[in-house]
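Enquirer: Okay, handing you the structure first.
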Amino acid sequence: MAPPLRHDLDFDPPTGVIERLSPLVRRVVCPNPSPFTFRGTATFIVGHGDVAVIDPGPPSAAHLEALLAGLDAGERVRWIAVTHTHSDHSLGSSMLVERTGATTFGFGPHVERASEAGIEDGLEHLDFGEHISPDDIDRFRAELDAVPDEFRHEAHDVGFAPDVTLSDGDSIRGDGWTLDAVHTPGHCSNHLSYGLPEESTLFSGDHVMAWATSVISPPDGSMGDYLRSLDRVLRRNDRVLRPTHGPAIESPRNYLAALAAHRLDRERQVLDAVTSGCPRITDIVPVLYAAYDKRLWFPAAASVLAHLEKLVEDGRVATTDGAAPALSSAFAVA
C-alpha cells in the first residue's frame, strides 16, 4: 500500500538571488508567485563556464537581469533547455537568447488541437448552478482578467520553437555534466524532464512537484500519458527531483508512489460519482471538490475531464451520445 500523499509547502526562497544547490546546480526564482506558480518560477543553471539554463521563465526583465548578474565572471549561457511551452517556463527564452546568443532546446512547439479553444472557452462558461452564484462568477472572471496573459501558468507559449528539437534519450553535453532528455507527457504533450546523471537528479518541470499535483488539462494534457510518465520516473530511481516550482523532492520513490496512488484514487472517485448518478462534470466537481475554494472548480473540471477521458479509453465509462468526451458530455458506466 502506497503511503499517503503529503505535499511540502515549506519553501520560501529569495527572489532575484542565485542560490547554489549542489556542485553543478544553481537556482534563481522569478518574482511571479501565484496560486499556480507557488513562490515563482525557478530557473536552473547547470555547470560552470559555459552553462545551461533550464526554464528561463516568463518575460520578466528583473528575472533576466538577476540571472545574468548572478553568473560568475567569464561565464556565459550557451544552452537553454525548456521543459514545456507554458508561458511561465518558455516565454522568457527570446529575451535570454537576445542577450546571450544561446541555443534553445525542447521537445517541439505547442501544437494547437482542434478542440483546445472550445475547452478553454467552455471552462470559463461552466454552469455549476446553485453552487456558485452569478455574482461570484463575475468576481472570479474579474480576478482572472486582472492577471497578464504571460503570467498565467497554463497559457500556451505558441511562439516558442526550439532551435534544436530533442527526442527522448537525446542529450546536451557540457564540461563535466550531461542533460538527458526524458519525454514525460501528461501535463502537456511536449513536456520534457532533464536527467543530470552526474548528480542522480531529474529536473521534473511541472510533471512532478512537491507542493501540489500537476494540472492535467485536455486536450494537450492526458491523464493516461501522465500516469505512464509517472511510472517511468519512478523506475529511473533518481536521488533527487528538482521541479520548476517549489522545493526539491529528496529520495522521491515514496512520494512518486503516493502521487500515483492519489491519481488512481481520484479516478475511482470520479467513477463512483458517475455510478451514483452524477452524469456531468458540473455534477461531479461539487461532490469531489466540496471542500475546495470554488475558484479552483474550473481548473478542477479540466482534471475531471482528463480522468473521464482515461476511463473512456479503458472501456469503463462511455459518453451517452457516443461522441468524444467533452466538458458538456453526459457520462454513464460502460
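Only the coordinates and a few stated rules stand behind these numbers; no lab work does. Predicted model only: the values in this text are computed from it and were never measured. Heads up, the Cβs are rebuilt from the backbone with ideal geometry, glycines too, and the neighbour counts pull from every protein chain shown.
Enquirer: Tell me, what is the percent relative contact order of the chain, built from C-alpha pairs under 8 Å that lie six or more residues apart?
Expert: Relative contact order of the chain: 16 percent.
Enquirer: Further question: Among DSSP beta bridges whose residues both lie in the chain, state the antiparallel percentage, nearest 5. Before the final figure, lay out the partial values.
Expert: Values: 29 of 44 bridges.
Taking every DSSP beta bridge within the chain, about 65 percent pair in antiparallel fashion.
Enquirer: A further question follows. Counting other beta carbons within 10 Å of each residue's own, what order do Cys278, Cys188 fall into, fewest first?
Expert: Lowest to highest Cβ neighbour count: Cys278, Cys188.
Enquirer: Taking the number of other C-beta atoms within 10 Å as the exposure measure, put Val29, Val17 in order starting with the fewest.
Expert: Ranking Val29, Val17 by Cβ neighbours within 10 Å, fewest first, gives Val17, Val29.
Enquirer: On to the next question. Taking the Cβ of Leu288 as the center, what net charge do the other residues with Cβ under 12 Å away carry, scoring Lys and Arg +1 and Asp and Glu -1?
Expert: My count for the surroundings of Leu288 gives -2.
Enquirer: Two decimals is fine: what is log10 I(q)/I(0) at q = 0.11, 0.14, 0.17 Å⁻¹ for segment 201-334, from a Debye sum with one equal scatterer on every Cα and no solvent?
Expert: For segment 201-334 at q = 0.11, 0.14, 0.17 Å⁻¹, log10 I(q)/I(0) is -0.42, -0.65, -0.90.
Enquirer: Which of [x] 26; [y] 17; [z] 22 is the computed percent of Cα pairs over 35 Å apart for the structure on display?
Expert: [z]
Enquirer: Same structure, new question: Where does the chain land at 222 nm, in deg cm²/dmol rounded to the nearest 500, when only DSSP H runs of n ≥ 4 count, each adding -39500 (n - 2.57), divided by all residues?
Expert: The helix-only estimate for the chain comes to -9500 deg cm²/dmol at 222 nm.
Enquirer: Still on this structure, I have one more. Return one number: the angle in degrees, 0 to 90 and rounded to the nearest 10, between the long axis of the Cα atoms of helix 223-236 and the longest principal axis of the Cα atoms of the chain.
Expert: Compared with the principal axis, the helix lies near 40 degrees.
Enquirer: Helix 297-313: angle to the longest alpha-carbon principal axis of the chain, degrees 0 to 90, nearest 10?
Expert: 80 degrees
Enquirer: How would you rank Leu305, Leu256, Leu9, Leu234, going from fewest to most other Cβ atoms within 10 Å of each one's own Cβ?
Expert: Neighbour counts put them in this order, fewest first: Leu9, Leu234, Leu256, Leu305.
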